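Here is the structure we will look at, set down as structure tokens.
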């Protein structure tokens, strides 16, 4: 076991020296791969921040129940009792039509216009605070309430969240497609890099085979090279995203201050950062493995 580890460690050091032997070419490959990786990951980070902002803005879901204008006080009281018996509701708030009109006056600044109305056009209403935020459950509850008598309209106040979720779902799919295409491009870059290395070391590979080296032994440095290049590309992508978020947050601070908000863009979590590094290393290894598997068997000692 110790000999196996020592062999892999020596191969890793040899691969690192090979990478450092051509610093310009290595940096260019790593930079290109890092930029390509940073595009879908950057969109993913922005998507995560938008989701957090949307959840903060949406707050607790509410269902507004507006009674019919011809509903009597007994109808309002009976509706309140029926609503209180619902198991899905955590809290109920009654908003009389007079209170609703007063709130409208103060919130819109149209007190003079509203004061000139001959009668109150607003109905009595109940504000329901459900126990769950599941949109399907809330929509089912809304549909049931709409069948009740003396109810003019039932509005799910967080219904816009469904539209937002649909939009975010579309963006997630776009990010997935972009990430898949760029991943294929990264594999192709590594594939071509390893192919060129195999061609330049053709004589060395032939000699190694003559003295009995196995394909696994010959393949190992190339696989380490691809893995290391992919890992460094993932680190470059992480640095690009970090720098971008730093610059964006500096610009966003002034904008957020104007709106009395402390919103900032959050970076990748530790788990997401580790996933980025592991995935980029895997892409590098995969490109190297594909290239070696295709070209190594074509080289045989003469």
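Readers should treat all values here as calculations from the given coordinates under stated rules, not as data from a laboratory. Nothing here was measured: the structure is a model prediction, and the numbers come from that model. Ideal geometry is used to build each Cβ from the backbone, glycine not excepted, and the neighbour counts take in all protein chains shown.
Side notes on the structure shown:
- Potential extension, residue 92-residue 217 segment - 0.36 nm per residue separation minus Cα distance: 37.8 nm
- Residues 282, 126, sorted so that the one with the fewest Cβ neighbours within 10 Å comes first: 282, 126
- Modelled this way, with points 7 Å down the Cα-to-C-beta line, the labels at residue 99 and residue 202 are 8.7 nm from one another.
- Report note on the peptides 228-238, 187-197: ranked by the mean count of other C-beta atoms within 10 Å, highest first, their order is 228-238, 187-197.
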